[in-house]
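Everything below concerns the one structure shown next.
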Amino acid sequence: MMSDGLTSRDGLSSGAAAPDGRSPDGRVPDVLTVAGLSWTVGGSAILSEVDLAVSEGEFVAVIGPNGAGKTSLFNLISGLNRATAGRIALDGTDITTEPPHKRARRGIGRTFQSSSVFPTMTVAEHVALAQQVAAKRRGVVSDPLERVRLTEKSSALAADLSHGDKRKLELAMLLASGAERLLLLDEPMAGVASGEVPELVDVIRTLHRDEGRTVLMVEHHMEVLLGLADRVAVMHHGALLAIDTPERIMADARVQEAYVGDAL
Ligand SMILES: Nc1ncnc2c1ncn2[C@@H]1O[C@H](COP(=O)(O)OP(=O)(O)OP(=O)(O)O)[C@@H](O)[C@H]1O
Ligand SMILES: [Mg+2]
């Protein structure tokens, strides 16, 4: 499905922004533009012709059955894997062939589906490490632990944190590393106890709403996405099946069919 952020099938929008940040036609400029993105491994098409545009400050959720290609999409955007066809642009600059560290320097940050903290390091040491890596980057925030409401646990060992706090720490590391343009969050609620989910959702909501961070987040639970995501992108068998408001996606018969067809 073609999203309205794309200017042409294989082109990438690169219109000059007006002084207020809007493009000449009054639209909020795209932070991320993905066009015809495909990834084939050993003859299997994992991702096929994905078109997606995410505008400045937008929150787009990515849902889809297991194996739909959500993490693969993040791997291509962050540079962990190289696309076999198609284009990826950040702020109008083509980054399709750039290595991950260059994309990170441009302000793309990601978290992984499995929690990735170092058990024997303290919370504060994690943040210091991320700040060190990002020493010369712009957009580094000085108080990342405060932003994720983890300040009082700064001297705790990561091993002693709850799953929710580990996820918060990963977010703090993203902020400390200068990921100011695009946050790619791959199932940040995975493994988190249900009692901790509302607080974590609120932290993410604050980063998005109050700080205007642009977010692309994989999440399985629609109830989490209502009131959080501006739009929901549905992936199915490596393709983008639909992208629309959470309410319209929930009512979309094709989406229900994709889930029922795969889940049962
Ligand atoms: N490096 C790889 N080599 C070959 N196949 C892969 C590779 N990475 C992923 N795949 C396959 O691509 C498909 C999509 O995987 P992906 O991890 O992107 O799905 P997902 O939507 O994130 O699923 P989940 O909800 O389980 O996290 C799966 O069939 C997976 O086995
Ligand atoms: Mg995944």
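Things worth noting here:
- For the range 155-164, putting each phi into the Karplus relation 6.51 cos²θ - 1.76 cosθ + 1.60 with θ = phi - 60° gives couplings of 9, 6, 6, 4, 4, 8, 7, 6, 4, x Hz, in residue order, rounded to whole numbers and with x for Gly and Pro.
- Axis angle, to the nearest 10 degrees, between helix 123-133 and the longest C-alpha principal axis of the chain: 60 degrees.
- Dividing the helix sum by the residues of the chain, where each DSSP H run of 4 or more adds -39500 (n - 2.57), gives a mean residue ellipticity at 222 nm of -8000 deg cm²/dmol.
- This ranking places Lys102, Lys153 by how few other beta-carbon atoms lie within 10 Å of each, fewest first, which gives Lys102, Lys153.
- The packing ranking, built from the mean of other Cβ atoms within 10 Å per residue, places the peptides 166-179, 49-62 in the order 166-179, 49-62, highest first.
- Residues whose amide H lies under 5 Å from that of Thr245, counting only those 5 or more places away or on a different chain, are Val232; hydrogens are built 1.01 Å from N in the peptide plane.
- Each principal axis of the Cα cloud of the chain was evaluated for its coordinate range; sorted largest first, these ranges are 50, 48, 38 Å.
- Calculated on the alpha-carbon coordinates, the convex hull of the range 158-211 measures out at 79 cubic angstrom per residue.
Read-outs: derived from the displayed coordinates by stated rules, not from any lab. Just so it is clear, the model here is predicted, and its values are computed rather than measured. Backbone-built Cβ (ideal geometry, glycine too); neighbour counts: all protein chains shown.
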